Amino acid sequence: MRAGKSFNPEILQRTSKLLRDFGQDYHERKLEEAHIFPAIKRAGGRADGYIDTLKAQHDRGRALVDYVLPITDRGSIGTGNAELLARALDGFELMYQHHAAREDTIVFPAWKKTMSKQQLAEMGEKFEDIEHQQFGKDGFDDAEKQISSIEMELGLTDIAQFTPPMPQKA
């Protein structure tokens, strides 16, 4: 977008809708905010210190998707919107890199420690039931297929392209 290259906003529209449905409405609201975050708050400790910020970041992510959807629904992204949209997406990406890192390394392990193996198994079944209620039996697989299709359209399937070169010797 910043380079003025042709960009199909429909791809970003589909990505945003998938994020809204699967990431925000299901994963964030129905799992994390309904079950994981309250358990962490009750348990206290280091992970508890992250919950309010993580929830605020969920809210900001929802607001950013609300910002992206109408812009990408127009068939093209106007030059006046391109830089603002690019900045919004950069901020979203940076926020969620750090957000996911804290969840994966601090919050989720702390949550797992609040339960026995049996309770964790029961929560796994409960989460799967919630997924099936929201998306049907193959909801996760369908979402993964959508992600794969979007990545293919954007030329992102070959992860070797993201391997940085070795630095040159001084």
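At-a-glance table
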{"item": "Distance between modelled label sites at S6 and Q146, nm, 7 Å Cα→Cβ extension", "result": "2.6"}
{"item": "Zone of K30's modelled label, taken as backbone nitrogen in the range 100-122 under 20 Å from a point 7 Å along Cα→Cβ", "result": "120-122"}
{"item": "Candidate aspartates and glutamates for bridging to K145, where Cα separation is under 15 Å - those fewer than 8 sequence places away on the same chain excluded", "result": "D21, E153"}
{"item": "Largest-first ellipsoid semi-axes for the range 63-137, taking √(5λ) over the Cα gyration tensor eigenvalues, angstrom", "result": "37, 19, 6"}
{"item": "At R0 = 35 Å, FRET efficiency that the Cβ-Cβ distance of L156 and R87 yields, to 0.05", "result": "0.95"}
{"item": "Local net charge near L120, Cβ-Cβ under 11 Å (Lys/Arg +1, Asp/Glu -1)", "result": "+2"}
{"item": "Taking only Cα atoms of the range 110-165, radius of gyration then Dmax in Å", "result": "17.2, 46"}
{"item": "Average Cα contact separation per residue, the range 9-114, under 8 Å, 6 or more apart, as relative contact order %", "result": "45"}
{"item": "Cα-based Rg / Dmax (Å) for the chain", "result": "18.7, 58"}
{"item": "Cross-link table K5/K30; K55/K126; K17/K117, entries beyond 31 Å C-alpha to C-alpha", "result": "K5/K30; K17/K117"}
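Every read-out reported here was derived from the displayed coordinates using simple, explicitly stated rules and does not represent laboratory data. Since the structure is predicted, the reported quantities are computational estimates derived from the model, not experimental observations. Every residue, glycine as well, gets a Cβ built from its backbone with ideal geometry; the counts of neighbours run over all protein chains shown.
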